[in-house]
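Trainee: Here it is: the structure, laid out below.
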Amino acid sequence: MAATAITLALAVVALATSLVGAAAAHVDYVTEEPGETVDALEFLLDVLGDPINAAILGGSGLALAAVIAGYLWLRPTVVDVVVLRETLAGYGDLIPWMLRLSVGLPLVGAGFQGYLFAPTLTFDPAANPVLRVFFIGLGFCLLFGLATRIVSMLGLAAFAAVLAAVDPAVVIAMEYVPVLAALAVLGGGRPSADEMLQALATTDGTYYGRIDPVHHLKGFLDARAAPLRRYVPTALRVGMGVSFVYLGLIQKLADPGSGLLVVERYDLTSVVPVDPGLWVVGAGLAETAVGVALIAGFFTRGAAAVSFVLFTTTLFGLPDDPVLAHVALFGLASAVFALGAGPLSVDRLIGRPALGDEEPVAAAD
């Protein structure tokens with residue numbers, strides 16, 4: 001089993017090395033220069049070649065596998081978990097509001113501070129007032145829930161434009177994509193300006209209803225998006241999973257030099273006294289494992305809870321890490337934790353759905 005695990009790890013690193021190219025990662029938020037160039041495969045072999053490192057990684061992996069296998073075999077009924085699922089199932093109508101806050105705030109910050117989605121891709125706000133107003137406008141519209149679907153689609157188009165024409169390193173902030181895509185489907189939800197204006201526009205005798213030119217468009221978009229609502233949990237968890245796989249695979253396993261730079265800068269070996277290489281490999285494998293679990297929809301809420309721990313540790317453990325860089329990730333993790341796996345997931349196949357088939361993902365606007 002150990003040999004198989006090492007073989008799989010080597011294959012993963014080989015794939016990551018072929019993809020790394022010029023891609024950046026979240027270590028760029030806390031380091032000013034790239035780390036020393038290190039051969040990823042050679043680095044992994046060196047780390048795993050140490051008996052202590054191999055024992056720690058192998059023992060941790062076996063313990064986790066045993067816990068999961070035991071749970072699936074025994075299927076214990078934990079009242080706390082049942083109550084938690086039932087409570088979270090009632091939060092569906094608040095998901096759009098949660099997502100709007102999670103991307104609206106960092107977009108406003110991006111406009112004022114001058115960066116393109118990711119804090120590492122900066123521009124001069126004074127020299128680019130139109131770009132500044134564009135990002136601030138996107139953020140405020142999402143915070144208020146005004147023209148949410150249209151604004152979300154504009155945000156997706158802007159992200160694609162930056163990716164294609166400015167710098168592919170914007171993938172460092174790819175968490176915007178699933179959040180904006182979900183909002184394009186769900187709309188503003190409640191509370192939102194969209195909901196209030198729609199109520200006024202569709203009520204006979206209101207003055208606003210006589211002059212509003214767009215409520216018919218909103219009704220049309222609501223009807224077209226309705227069949228896609230049930231897939232929102234799937235899109236959110238897969239998007240979050242891809243972000244984690246990218247962070248673990250590309251940032252750490254394929255570029256260990258940058259990871260070692262972070263370990264050295266913050267003296268992480270004094271926090272947990274292990275080999276610096278084990279810090280990098282362990283963090284990379286953990287993030288990749290969480291990402292794969294989310295993509296597959298396997299123990300989805302547990303994976304989302306682990307992601308909270310990772311985000312919180314990063315936020316409070318690395319003082320130079322910008323808070324705004326993680327707001328969207330916190331919102332995304334919150335939505336995944338609330339909604340669970342959704343359709344097209346392992347959890348659904350093995351009988352652990354978060355919501356019943358008859359329950360809506362989010363209330364219609």
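The values are calculated or read from the model by the stated rules, or taken from the named source; none is laboratory data. Because the structure is predicted, anything quoted here is derived from the model rather than measured. Don't worry about glycine lacking a Cβ; one is built from the backbone with ideal geometry, like all the others, and counts go over all protein chains shown. We work out accessible area using only protein heavy atoms, side chains counted, and drop any ligands, DNA or RNA first. Shrake-Rupley method; radii C 1.70, N 1.55, O 1.52, S 1.80 Å.
Trainee: Please work out the average accessible area per residue across segment 97-223, using the 1.4 Å probe convention, and give it in Å². Each step should come with its number before you reach the end.
Mentor: Numbers: 5810 Å² over 127 residues.
For segment 97-223, the solvent-accessible area averages 46 Å² per residue.
Trainee: Write down Rg/Rh for segment 200-286, rounded to two decimals, with Rg from the C-alpha atoms and Rh from the Kirkwood relation over Cα pairs. Walk me through the numbers before you get to the answer.
Mentor: Details: Rg = 25.1 Å, Rh = 17.4 Å.
Computed over Cα atoms, the ratio is 1.44.
Trainee: What is the gain in length, in nm to one decimal, between Asp267 and Asp124 on full extension, counting 0.36 nm per residue of separation less the C-alpha to C-alpha distance? All intermediate terms of the calculation are to be shown ahead of the outcome.
Mentor: Numbers: separation 143, 0.36 × 143 = 51.48 nm, distance 3.37 nm.
Between Asp267 and Asp124, full extension yields an extra 48.1 nm.
Trainee: Rounded to whole Å, give me the distance from the Cα center of segment 119-134 to that of segment 279-304.
Mentor: 34 Å
Trainee: Using per-residue counts of other Cβ atoms within 10 Å, averaged over each peptide, order 137-149, 232-244 from highest down. Provide the component values of the computation, followed by the final result.
Mentor: On the way: 137-149: 21.2, 232-244: 24.5.
Result, highest mean Cβ count within 10 Å first: 232-244, 137-149.
Trainee: I've got another one for you. Assuming a viscosity of 1.567 mPa s and a temperature of 4 °C, what translational diffusion coefficient in µm² per second does Stokes-Einstein assign to segment 93-197, Rh being the Kirkwood radius over Cα pairs?
Mentor: Values: Rh = 13.5 Å.
Taking Rh from Cα pairs, D becomes 96 µm²/s.
Trainee: Return the carbon/sulfur percentage of the accessible area of segment 157-207, one whole number, probe 1.4 Å, all protein chains in place.
Mentor: On the way: 1480 of 2180 Å².
Accessible surface attributable to carbon and sulfur in segment 157-207 totals 68 percent.
Trainee: Also: How many angstrom lie between the Cα centre of segment 85-99 and the Cα centre of segment 152-224?
Mentor: 19 Å
Trainee: Carbon and sulfur atoms: what percent of the 1.4 Å accessible area of segment 229-340 do they account for?
Mentor: Values: 2840 of 3900 Å².
Here carbon and sulfur together make up 73 percent of the probe-accessible area.
Trainee: When ranked by the protection proxy of mean other Cβ atoms within 10 Å per residue, highest first, what sequence do the peptides 46-55, 204-213 form? Mind dumping the intermediate values first?
Mentor: On the way: 46-55: 14.4, 204-213: 9.9.
Listed from highest to lowest mean packing, they are 46-55, 204-213.
Trainee: Going by average Cβ density within 10 Å per residue, which order do the peptides 334-342, 271-279 take, highest to lowest?
Mentor: Values: 334-342: 24.1, 271-279: 15.3.
Highest to lowest by the protection proxy: 334-342, 271-279.
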